[in-house]
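Novice: Okay, handing you the structure first.
Computed from the coordinates by the stated procedures, all read-outs in this text should not be read as laboratory data. Because the structure is a prediction, the values reported are computed rather than measured. Positions of Cβ are generated from backbone atoms using ideal geometry, with glycine treated the same way; all protein chains shown enter the neighbour counts.
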Amino acid sequence: MLLEVDRLTVAYDTAMVLNEVSLGVERGELVSLVGPNGAGKTTLLRAVSGLIRWERAALRGSRRGDITLEGQVSFNGERIGRLPAHQIARRGLVLCPERRRPFAEMTVGENLRAGAYLVKDAGEERRRREVVYHLFPVLRDRARQLAGTLSGGEGQMLAIGRALMLEPALLCIDEPSTGLAPLVKQALFERIGEIQAAIGITVLLVEQDVALAFSLSSRSYILSHGRIVGEGASRDLLRDEAVRRSYLGL
Ligand SMILES: Nc1ncnc2c1ncn2[C@@H]1O[C@H](COP(=O)(O)OP(=O)(O)O)[C@@H](O)[C@H]1O
Ligand SMILES: [Mg+2]
């Protein structure tokens, strides 16, 4: 397993957000994690990326409450639960957060360069930028344009492009389709499929559009109220009557 989450529990004060969640992603897979609003999907991605631990440390000593964080997270065979977020990113676990906006006052090209903050070599940085431009040609066309002028779909491509500049081993993408028109969404998902199939990056995709997520991924997990309530081959989940009724509105 590239990513292995074992009985991960997160609670804000007494509010349980994740309740002993276990899941795994094999190297080379595209796995989706779906579930209703408030299920805990974003919290799971933030926990594996080291952000919950960072938030907990920031809260400590303040009167704003406490965070419980329990369970094990392993990446590439190494326990990463105690590592700071930047060390986790360095090891290749990269999060493209929900509704991330590019830096509006910087050009598209400058945004990508900022994404490569761990890359010291200019040639290597250019090579990675070419990979992103190859995947999202519209970003090359708009390279000198301010990011603030991009459409919603282009902005999301840039957010993913920025994450790709770190050349992740595992790219976690949180709800990339939020607010996008159906055709734009479809096009974006085809590109996400290519990140796995053509570039060979393992992807953990959190998505509201369950049918779309299932169509793209080989395996899926369904999270509800902080618990995994379904898992398996996406093909089988799509045929499952209870899953269809509860999560696909069919
Ligand atoms: N920083 C926080 N403080 C308190 N509660 C939070 C915090 N972040 C998330 N939660 C709660 O955790 C639950 C799950 O949130 P989230 O992980 O964002 O769900 P999802 O991404 O599946 O919509 C929600 O009930 C939310 O209110
Ligand atoms: Mg979320």
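Novice: Per residue of segment 150-167, in order, report the coupling 6.51 cos²θ - 1.76 cosθ + 1.60 (Karplus, θ = phi - 60°) as ³J(HN,Hα) in whole Hz, putting x for Gly and Pro.
Specialist: My calculation for segment 150-167 gives 6, 6, x, x, 5, x, 5, 4, 5, 4, 5, x, 4, 5, 5, 4, 8, 6 Hz in order.
Novice: Something else now. Taking neighbour Cβ counts within 10 Å as the exposure measure, how do 225, 86 sort from fewest upward?
Specialist: In order of increasing Cβ crowding within 10 Å: 86, 225.
Novice: Mind listing the phi-derived Karplus ³J(HN,Hα) values for segment 181-198, rounded to whole Hz, using 6.51, -1.76 and 1.60 with θ = phi - 60°, and x for any glycine or proline?
Specialist: Karplus-based 3J(HN,Hα) across segment 181-198 equals 5, x, 5, 5, 4, 4, 5, 4, 5, 4, 5, 5, x, 5, 4, 7, 6, 9 Hz.
Novice: If every alpha-carbon in segment 3-247 counts as one equal scatterer, what log10 I(q)/I(0) does Debye give at q = 0.10, 0.11, 0.14, 0.17 1/Å?
Specialist: Values, matching the q order: -0.48, -0.58, -0.94, -1.32.
Novice: Counting Lys +1, Arg +1, Asp -1, Glu -1, what net charge surrounds residue 68 among other residues with beta carbon under 9 Å of its beta carbon?
Specialist: Every neighbour counted, the sum reads -2.
Novice: Amide H to amide H, which residues 5 or more places from residue 223 or on other chains are under 5 Å from it, using H placed in the peptide plane?
Specialist: 34, 35, 229
Novice: Now a separate question. Regarding segment 1-141, what are the three Cα extents along the principal axes, ordered largest first, in Å?
Specialist: Sorted largest first, the three principal extents are 49, 36, 31 Å.
Novice: Using a Förster distance of 22 Å, how high is the FRET efficiency between residue 121 and residue 191, based on the Cβ-Cβ distance and rounded to 0.05?
Specialist: According to the calculation, E is roughly 0.25.
Novice: Also: Taking the highest mean first, how do the peptides 169-179, 100-110 order by number of other beta carbon atoms within 10 angstrom per residue?
Specialist: 169-179, 100-110
Novice: Taking 41 Å as R0, compute the FRET efficiency from the Cβ-Cβ separation of residue 1 and residue 63 and round it to 0.05.
Specialist: 0.55
Novice: What distance in nm separates the two pseudo spin-label positions at residue 70 and residue 138, each 7 Å out from Cα along the beta-carbon direction?
Specialist: The two pseudo-label positions are separated by 4.6 nm.
Novice: Read phi for every residue in segment 129-138 and hand back ³J(HN,Hα) as whole Hz from Karplus 6.51 cos²θ - 1.76 cosθ + 1.60, θ = phi - 60°, with x for Gly and Pro.
Specialist: Values per residue, Gly and Pro as x: 5, 4, 4, 5, 5, 5, 6, 10, x, 4 Hz.
Novice: Still on this model: For segment 158-228, what class follows from the C-alpha gyration tensor (a ≥ b ≥ c being the square roots of its eigenvalues): rounded when a/c is under 1.5, otherwise prolate if a/b is larger than b/c, else oblate?
Specialist: Verdict is oblate for segment 158-228.
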